[in-house]
Amino acid sequence: MTNLDLYAKAEHLLGIEEATEALYDLYRSELDDYKVKTLLDVGCGRGGFMRRMESDGVKCKGVDLSSLMVQECRDQGLDAECIDVKDVAGTYDAVVSIFDVLNFMNTQELEVFLDAIADKMDENSIFIADINTLYGFQDVAEGTMSNDADDEFLSVDAVFEDNELHTKFTLFEKNDDGCYTKYQDTIVQYFHKIEFFKKHKKLKLIDKQTFSLYDVEDKTLLIFKKR
Ligand SMILES: C[S@@+](CC[C@H](N)C(=O)[O-])C[C@H]1O[C@@H](n2cnc3c(N)ncnc32)[C@H](O)[C@@H]1O
C-alpha cells in the first residue's frame, strides 16, 4: 500500500469534514465568477467536490494518485482515474487542486505538475488551488492526535522542520477474526512561498487570498490563468 492509500484509509478519522465543506464553499464561490462547463479535479480524493459540481451541471473529470480514492469516486459513478495529470487528455474550463494537494509535492515535482496543469488549460481557463501558509504548518498542522473508533484506531504525529511537515500515520484495523492489522507510513508536505508561484513560466497568478480554515490565516487560495 502506498502512503497516499494509507492517507485515503485514514482520512475519515481525521475530523476534517467540516473544513473540507468550508473549502468547497470557497472554491464554488470563486468558480461562480467564470463560465465553467468542464472541470478537472486534480487530487480529487473521494470526489466530494466533483459531486457538488456535477449536481450543478458541470462535466467533471478527476485524477488522483491514490487508487483507493479513485475507486471510491468510481463507486459513486464519477469519472475518475488513477493517472498522473500529464496523462489527462484535452483542456478544461476550470482545473482545481483542493486541500493541500500542492503541498504534497517538493519544488521540482511541483514545477512539473504546474506545467502539466497549464497544458490542460486554454486562454480562458482558470486554475484554483490552495496551499498551507507557514503559520498553517507551524502552528496548526504540527502536533499529535489520535482517534479511537469502534474497529479502527488512528494516531497521527506531525513534525515541521526545514520547511517540511513529516506526518506519521499509524492505523490499526480490526479484522473479522478480532485481530488487528497495523499500517504505518509517513506523508511529507512541503511549504512553498508565494514567490515561487509568481515566477511560473506557464501560469500567471492573477489573485491570492489568505484565509482561516482552522485558525488565523492558515491557508492561501491561489488563482491562475495560463500565460
Ligand atoms: C488532502 S487530500 C484532498 C482530497 C480532495 N481534493 C478533497 O478536497 O477532499 C490530497 C489528495 O491529493 C492526492 N495527491 C497527492 N499528490 C498528488 C498528485 N501529484 N497528483 C494527483 N493527486 C495527488 C492524494 O492522493 C489525496 O487524495
Open item on the list: Being within 18 Å of N3 (Cβ to Cβ), within 14 Å of the chain's Cα centre (by Cα) and not assigned by TED's automatic domain parsing to the domain that holds H166: is that true of L68 here?
Closed with: no
TODO: State all residues of the stretch 51-69 that are touching a Cys at 6+ places or on another chain (Cβ under 6 Å) and within 9 Å of the ligand (Cβ to nearest atom); if no residue qualifies, say none.
DONE: G62, D64
Task: Top-ranked residue of the stretch 104-147 - restricted to ones that are charged (D, E, K, R), under 22 Å from Y214 (Cα atoms) and touching a strand residue (DSSP E or B) at 6+ places or on another chain (Cβ under 8 Å), ranked as modelled with the highest pLDDT - done: D130
Task: Residue in the stretch 71-87 that is open to solvent by 10 Å² or more (accessible area, probe 1.4 Å), within 11 Å of the ligand (Cβ to nearest atom) and in contact with a strand residue (DSSP E or B) (Cβ under 6 Å, 6 or more places away or on another chain) present - done: yes
Open item on the list: Looking at (1) within 16 Å of the ligand (Cβ to nearest atom); (2) free of Cβ contacts under 8 Å to residues at least 60 places away in the same chain, which one does H192 not meet, given that it meets all the others?
Closed with: (2)
TODO: Could you name every one of the strands (runs of 3 or more DSSP E) located completely within the stretch 147-227 that has at least 1 residues being surrounded by fewer than 16 Cβ atoms within 10 Å (Cβ to Cβ)?
DONE: 152-161, 164-174, 180-190, 203-211
Open item on the list: Quick check on K35: is it open to solvent by 30 Å² or more (accessible area, probe 1.4 Å), away from the ligand (no atom under 11 Å from the Cβ) and of a type outside the set (S, T, Y)?
Closed with: yes
Open item on the list: For a quick check of your reading of the model, give me the residue pairs whose first member lies in the stretch 1-21 and is under 19 Å from T144 (Cα atoms), whose second is part of a helix (DSSP H, G or I), with beta-carbon atoms closer than 7 Å and at least 6 apart or on different chains.
Closed with: A8/L68; A8/M69; K9/L68
Task: Matching entry among N103, N132 (being more than 9 Å from the ligand (Cβ to nearest atom), polar (S, T, N, Q), open to solvent by less than 50 Å² (accessible area, probe 1.4 Å) and closer than 21 Å to T20 by Cβ) - done: N132
- [ ] Kindly list the number of the only condition in (1) in contact with a helix residue (DSSP H, G or I) (Cβ under 8 Å, 6 or more places away or on another chain); (2) open to solvent by less than 10 Å² (accessible area, probe 1.4 Å); (3) touching a residue at least 24 places away in the same chain (Cβ under 8 Å) that fails for L65.
- [x] (2)
Open item on the list: Which residue is farthest from the ligand (Cβ to nearest atom), if the candidates are limited to the stretch 38-50 and must be more than 26 Å from F153 (Cα to Cα) and assigned to a helix (DSSP H, G or I)?
Closed with: M50
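The values are calculated or read from the model by the stated rules, or taken from the named source; none is laboratory data. Treat the numbers as computed from the prediction; the structure is a model and nothing was measured. Quick reminder, even Gly has a Cβ in these numbers, built from the backbone with ideal geometry, and neighbours come from all protein chains shown. For accessibility, only protein heavy atoms count, side chains too; no ligands or nucleic acids. Shrake-Rupley method; radii C 1.70, N 1.55, O 1.52, S 1.80 Å.
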